[in-house]
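Q: Take a look at this one; I'll ask things after.
Computed from the coordinates by the stated procedures, all read-outs in this text should not be read as laboratory data. Predicted, not measured: the structure shown is a model, and the values here were computed from it. Virtual Cβ from ideal backbone geometry, glycine too; neighbours counted across all protein chains shown.
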Ligand code: PRX
């Protein structure tokens, strides 16, 4: 949508009150409560974070809440805490011991249940496995697994002993996995032998073996057997998960850690070709994600909460693995595709477990909308009362459909905004209290100071687009880029003095609701997967056939946006379906299947500035509107546009 159209839509948007039925039981019951509490959390953010810290268990609690300021800050320095203790032991040792923590379903119908007590036993056992294999505080463990209870066990065990985990999405290629292992210097890798996706077997261990051909830091590999499927095991390096687990003690004391010690590492795309390792502090991440999960999802003891996020992306860590478990909820974990083996698979699970809170990606909601109301009517779906999403725009059409169809007209819909770097969602609704606006990302979370600013860092007026920034620290904000502190400072703290720069543009409307318009850099968002167009271009240019490449995004009804590539070929290659397929494959091999371009256009020329930079804006216009209306004066060769337009007509 054009920016002007968007502004008009925002101008005309209306507040929708949450249903009284919901409001009467939510943590916060009115918008004025929110405003009051928000204001006092800004006036004294130490008191706010202290009130959250009071709800967690500490080994030692010092008085200082925040030391320093952006970009160099610490929360509760010198205090001692353990994430896994707060997510698991705390509940296992309470009246929740036999409460179900995880209901797991495999795509093929396999099922498992873990109570908090059982989870504690398994986490402790795997922590002992890690120690036995020589992993200690500060070591990096790479985890290449799909959504399984064992993935949660492994990650919680890493946090328990003070090591650092790096989850790598189990859809990444061997090259992408290798790049992450080598950048992180991981000592150990945990994977499953296979995964199921749309009925197909994904050979995860085979991919690991390929990645490890040139990843010298990995000393040990632990393989979890998801299902019977022979895999090669390298003697001395590879170990079987079940065999190791059978041999260890089921008690392992959690290590007391400074809350600013690194706990997890997750790679994400940025403005340059190489993905960067975002470092999150373990205790800080716990503190913040606990607060986001509890108050933005309004999590309560009786909830049955289904978050469909994949453990390869940070959403699952924020709202399930750490924030969700710290809140002691019952959660549903699902391995596969939501519409496999039939379009009603998700609905079937909602009815089976009586889910009342559903967190999923806007792309998934749009897919459900496409399957239509007839499918909805085949299921009860009478327990649902809250929907939440993150990662990409939740368009008003999908919002209204959700509300009317799955939400039976009375559910709360929470379109939250966050980033891998923010480690949580600084923008969202407080369900029940804050009125909803379809398409908006809600209001600032407690003790978070957000602003929309111009290029010189001054606040812009309401209804004016500008850069979205955060003006004070918060516990889940990334503490570093792994092995590249310069890049951390340059990417996030060099644009606007004293503020964290998000890379997004946004508008604040007259009701104080925030609307995120999109990225101001070359990152695109495909089904909520964040991809750098530069990373895709680098992958294409690596291929002998490619002289130049430019990648742009095109709007898509389901996925939000899809990538399209323009390529000029080396002379000995000629445009053909085979070459197109070969180059699509190149991207899949280098990055992963989710980055596969929808289409590759082979062109002889590219629109360029006089200094030789490709003007992607013009390519975007050509693809999206079939013309170039903007200023052409910057072009090195003015005729290029007509040549491209003619080419596109053919
Ligand atoms: O552009 C914003 C978009 O997704 C980016 C962050 O992507 P990622 O790091 O993969 O997010 C992980 C989520 C924990 C943001 O810079 N984005 C996120 N939420 C929204 C959004 N765009 C529009 N609306 C949202 N609700």
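Q: State which residue pairs qualify: first residue under 15 Å from residue 554 (Cα atoms) and inside the stretch 514-531, second residue near the ligand (Cβ under 9 Å from one of its atoms) and in a loop (DSSP other than H, G, I, E, B) in any location, beta carbons under 6 Å apart, and separation of 6 or more residues or different chains.
A: Short answer, once both residue conditions are applied: 523/269; 525/392; 528/391; 528/392; 530/269; 531/269.
Q: Turning to a different aspect of this structure: So residue 472 clears everything in (1) in contact with a helix residue (DSSP H, G or I) (Cβ under 9 Å, 6 or more places away or on another chain); (2) within 26 Å of residue 504 (Cα to Cα); (3) surrounded by 21 or more Cβ atoms within 10 Å (Cβ to Cβ) except one condition, right? Which one?
A: Tallying (1) in contact with a helix residue (DSSP H, G or I) (Cβ under 9 Å, 6 or more places away or on another chain); (2) within 26 Å of residue 504 (Cα to Cα); (3) surrounded by 21 or more Cβ atoms within 10 Å (Cβ to Cβ), residue 472 fails exactly one: (3).
Q: Within the stretch 404-422, take every residue that is more than 16 Å from the ligand (Cβ to nearest atom) and touching a strand residue (DSSP E or B) at 6+ places or on another chain (Cβ under 9 Å) and give me the one that is nearest to residue 27 (Cα to Cα).
A: Just the residues of the stretch 404-422 that are more than 16 Å from the ligand (Cβ to nearest atom), to begin with: 404-411.
Add one more test, that the residue is touching a strand residue (DSSP E or B) at 6+ places or on another chain (Cβ under 9 Å), and what stays is 406-407, 411.
Details: 406: 23, 407: 20, 411: 16 Å.
Checking each candidate, the answer is 411.
Q: Applying the selection to the stretch 217-275, what residues are in a loop (DSSP other than H, G, I, E, B) and touching a strand residue (DSSP E or B) at 6+ places or on another chain (Cβ under 6 Å)?
A: Initial filter on the stretch 217-275 (in a loop (DSSP other than H, G, I, E, B)): 217-219, 225-237, 248-256, 258-261, 269-275.
Passing the criteria: 218, 226, 237, 256, 259, 260, 269, 270, 275.
Q: Another question, if that's okay. From the list 59, 126, exactly one residue is surrounded by 23 or more Cβ atoms within 10 Å (Cβ to Cβ) and touching a residue at least 40 places away in the same chain (Cβ under 8 Å). Which is it? Let's see the steps before the verdict.
A: On the way: 59 fails: surrounded by 23 or more Cβ atoms within 10 Å (Cβ to Cβ).
None of the other options fit; the residue is 126.
Q: Check the stretch 447-458 and report whether any residue there is crowded, with 18+ Cβ neighbours inside 10 Å and within 12 Å of the ligand (Cβ to nearest atom).
A: Looking for residues that are crowded, with 18+ Cβ neighbours inside 10 Å and within 12 Å of the ligand (Cβ to nearest atom), one finds none in the stretch 447-458, hence no.
Q: Right, something else. Would you pick out the residues in the stretch 496-536 that are farther than 28 Å from residue 13 by Cβ and within 14 Å of the ligand (Cβ to nearest atom)? First the steps, then the outcome.
A: Here is the first cut: in the stretch 496-536, the residues farther than 28 Å from residue 13 by Cβ are 497-498, 522, 531-536.
Scanning the stretch 496-536 gives 522, 531, 532, 533, 535.
Q: Looking only at the stretch 345-383, which residues are assigned to a loop (DSSP other than H, G, I, E, B), closer than 26 Å to residue 197 by Cβ and more than 16 Å from the ligand (Cβ to nearest atom)?
A: Filtering the stretch 345-383 for residues assigned to a loop (DSSP other than H, G, I, E, B) gives 354-356, 360-361, 372, 378-383.
Retained after the next criterion (residues that are closer than 26 Å to residue 197 by Cβ): 355, 360-361, 372, 378-379, 381.
355, 372, 378, 379, 381, listed by residue number.
Q: Also: Quick check: is even one residue across the stretch 543-555 within 16 Å of the ligand (Cβ to nearest atom), exposed (fewer than 15 other Cβ atoms within 10 Å of the Cβ) and either touching a residue at least 12 places away in the same chain (Cβ under 8 Å) or under 21 Å from the mean Cα position of the chain (by Cα) (or both)?
A: The answer is yes, given that some residue of the stretch 543-555 is within 16 Å of the ligand (Cβ to nearest atom), exposed (fewer than 15 other Cβ atoms within 10 Å of the Cβ) and either touching a residue at least 12 places away in the same chain (Cβ under 8 Å) or under 21 Å from the mean Cα position of the chain (by Cα) (or both).
Q: Scan the stretch 385-395 and give yes if some residue there is more than 16 Å from the ligand (Cβ to nearest atom) and over 21 Å from residue 426 (Cβ atoms), otherwise no.
A: yes
Q: Kindly list the number of the only condition in (1) within 16 Å of the ligand (Cβ to nearest atom); (2) farther than 16 Å from residue 265 by Cα; (3) buried (at least 24 other Cβ atoms within 10 Å of the Cβ) that fails for residue 325.
A: (1)
Q: Has the stretch 423-432 got any residue that is away from the ligand (no atom under 14 Å from the Cβ) and either surrounded by fewer than 23 Cβ atoms within 10 Å (Cβ to Cβ) or on the phi > 0 side of the Ramachandran plot (or both)? Show your work before the answer.
A: First pass over the stretch 423-432, keeping only residues away from the ligand (no atom under 14 Å from the Cβ): 430-432.
Filter again for either surrounded by fewer than 23 Cβ atoms within 10 Å (Cβ to Cβ) or on the phi > 0 side of the Ramachandran plot (or both), leaving 432.
Yes, the stretch 423-432 contains a residue that is away from the ligand (no atom under 14 Å from the Cβ) and either surrounded by fewer than 23 Cβ atoms within 10 Å (Cβ to Cβ) or on the phi > 0 side of the Ramachandran plot (or both).
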